[in-house]
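Just so it is clear, none of the values below were taken in a lab; they were calculated from the coordinates. Here the structure is a predicted model, which means the values were calculated and not measured. Methodologically, a virtual Cβ is constructed for each residue, glycine included, from the backbone with ideal geometry; neighbour enumeration extends over all protein chains shown.
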Amino acid sequence: MAKEALYLSPVPLDLAFNDPEENLRRVRAAVGSGLAAAPEVPSEERLFVFPELTLTGFVTKEPSSYALEPRDPRLERLCAVAAENRTAIAAGFPERNPADPARPFNTLALIGPDGRVTAAYRKMHLFTLGKNPETASYSAGEAGTLVSYRGWKIGLAICFDIRFAALFHAYAEAGADLILVPACWVGGEHKTYQFRTLGSAHAILSQAYVAAVNRSGKDPSFAYDGSAYVFSPFGKDLYEGKPLRLDPAELEKCRALQVRPSDRSAYPVRR
């Protein structure tokens, strides 16, 4: 399938802690204002990428009380925002784990302009720091997700996943054209530099676009820098605060250097 026009808008939303209703309101407002600011771009060609755990913020204490099931009204209202605006949304939420209800999944959903969930990914690498670490409150996912959307092969990742090169390598081997990385990337020394540098490096190594967005604001435990990037396959940040159209020619130009076919399945190390 030929690649259709696709415009990215990473939205570094300030999330209300433990308040799905308020966050739904903020998502709806952000989508509405984003579409109004660029009326020349058809809504069906837009993809709004929101931070990790969009509906709750980074909940690490009793997140099961906010866990959603497939027919949860809050998830249906999130889908309705996409359908009513005829646009695509990538957003996250705690998803109930039937095998362990006390420890939900940290899930990212890609919702199409028809309001249907096109794909979902459960975070594989859980954050290990803090008084209530994510590892103690959530269940880890077991596989990456690659979905075809408007002719683009899109890989899904979440926050701490960005530190694990093997996942991005697997997406590259699977032919990913774009990798989404929504985050609640906590502040601290070197943190902004790390998030930006890792995103750029994964774009270069994967020979794919990488869209990374961190929430803004504060919660009871952490502060966040509100960064938003769209890295080209060459590693350059292209995002300037307005809808960014992805260029298939950039992928072709980058992949003239045949990195993927030249890779090896294993790299033995002599000691």
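Here are some notes:
- Using the Karplus relation 6.51 cos²θ - 1.76 cosθ + 1.60 with θ = phi - 60°, the per-residue 3J(HN,Hα) values for region 241-257 come to x, 10, x, 9, 7, 6, 10, x, 5, 5, 5, 4, 4, 5, 7, 4, 7 Hz, with x marking Gly and Pro.
- Converting phi to 3J(HN,Hα) with the Karplus coefficients 6.51, -1.76 and 1.60 and the offset θ = phi - 60°, region 148-161 yields 8, 9, 6, x, 9, 8, 10, x, 10, 9, 9, 6, 4, 4 Hz in sequence order, with x at every glycine or proline.
- Along the chain, longest interval not containing exposed GluC sites (Glu not before Pro), exposed being DSSP loop plus at most 14 other Cβ atoms within 10 Å: 41-141
- Length-normalised contact order for region 7-254 - Cα pairs under 8 Å, 6+ apart - percent: 19
- Judged by the gyration tensor of its Cα atoms, with axes a ≥ b ≥ c, region 7-254 is rounded; a/c sits under the 1.5 cut.
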